[in-house]
Every structure is written in structure tokens, then in C-alpha cells.
Amino acid sequence: MAEGAPPPPSADVVPMPRRAEAPDYAGMLAAVRAGDTRAETQLLQALTAPLQVVLRHRARHAESVDDLCQEALIAVLQAARQGRVSNPTALVEYALQTARQLAMNAERKRSRRQTTSVAEIAETADETQREVGELIDEQRQSEKLRNCVDTVLASMPSERDRQLLHSYYLNETSSADLQAQMTMNSQQFGKVLHRARQRFSQIWQALKYDASSA
């Protein structure tokens, strides 16, 4: 090795990578305004990475990043085609600001949808609560009425009347089955049932029950 010459590079020394050149936004903008579709593709590819970085930071839901990025790129491309953005620095800032605004709008919409969903759930819960309350009230009224009926039946002196009315109205036994059990024809059964109802009504009124409030 000659005196004063630099030592040969060591095999362990990794050369520093060359810094990637900044995208030629000025050239791409000019080409886009001229209608060059290849320049449009290059411009979109150059802006995709920085836009995604901003959106990942701004958008709280990862599934919306790609969609928002596409929306931002479309807005930037339209601005570039129409010549509304001609300065390369202004182009990048316009693209980033568009992405931020889109992310903010998306979060606002999501928040409104969530608020609406919560309101709908609350409304449904209120309706369900009202329906349950109505059912409970109906059940209480039914139980109260059944208690009144049981009291009147227990007060009837005739065992046959008690059994007949209980079987026919509460157990819903058919008239044919009751006629067979009581060995009566339909005419006889009708008379017995009618008289039992009359006696039931007399006791009901004597006890001052009101069917509408029972």
C-alpha cells in the first residue's frame, strides 16, 4: 500500500445508503396539467405514503385509512388537473390538509352514528320496559280477577254449581264432556249452566265486586 493512500474498505464496513431523491412534484404537476396519465399515476404513488402516515395518526379506526386515502388522492388529483395547486410545496400541504379534514369528518360521522345507535337502543329499552310493565299490570289484573272468581265460587252453596262453573269457565272443559259426566242432554245442561251463572252473579253483586276494576 502506497504511503498516504487511504486504506482499502473493510469487509465489515457497510456503505451508507444513498438518500432517496425527493419526488419531482413540480414536474409531475406540470405533466398532470398537460394531461399526462402516467404523471397522474406517479403523483398518486408519491403522495400515498405520506397521506397514510397522517391518516393512521388521525383516523381512530384502521379500517377507514385506505378509503380515506383514496378520497384524499382523488381530491388532490382533481385540484392538480384543474391547476388549483401549482406550487409543489403547496401541493403536499394541500394533500395533507385534505387527509386531516377527511379523517376529522369521518370521526364526526362515526360519532353521530354511535350517538344515534345509543338513542335507538335507549328508545327500544324504554318501549320494552313499557311493554313489560303493561304485561305485569295485565297479569296483576288477571290474578286479582281470578282471586275474586275463586272467592265467589267458594261462597256458592251448591257443589254442583261450583264444579260446573269451574270446569266450564276455568278449565275450559267442553260442554259435550260435561254433559257426559253429568249424564245430561244439551237442553238440560243449558238450563243447569244458566241457573249456576245466575247464582254466581247474585253472589258477585252481593260481594260488591266490579269486573272492570277487579
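Taking other residues whose beta carbon is less than 13 angstrom from the beta carbon of MET184, and scoring Lys, Arg as +1 and Asp, Glu as -1, yields +2.
For ARG56 and THR89 in one chain, what is 0.36 nm times their gap in residues minus the Cα-Cα distance, to one decimal in nm?
9.7 nm
When you count the other C-beta atoms within 10 angstrom of each residue and take the mean per peptide, 180-187, 43-50 line up highest first as 43-50, 180-187. Once both labels are positioned 7 Å from their Cα atoms along Cα-to-Cβ, the gap between ARG160 and ASN105 label points is 8.7 nm. Taking other residues whose beta carbon is less than 15 angstrom from the beta carbon of THR48, and scoring Lys, Arg as +1 and Asp, Glu as -1, yields -3. Working from label points 7 Å from Cα in the Cα-to-Cβ sense, the ALA206 to ASP24 distance is 11.4 nm.
Heavy-atom accessible area, probed at 1.4 angstrom with all protein chains present, ranks HIS194, HIS57 as HIS57, HIS194, highest first. Note on exposure: ASP24, ASP36 ranked by accessible area (1.4 Å probe, complete protein assembly) read ASP24, ASP36, with the most exposed listed first.
The values are calculated or read from the model by the stated rules, or taken from the named source; none is laboratory data. Remember, it's a predicted structure, so these values are computed and weren't measured experimentally. Counting neighbours? That spans all protein chains shown, and the Cβs are built from the backbone with ideal geometry, glycine included. Keep in mind that these areas ignore ligands, DNA and RNA; they rest on the heavy atoms of the full protein, side chains included. Shrake-Rupley method; radii C 1.70, N 1.55, O 1.52, S 1.80 Å.
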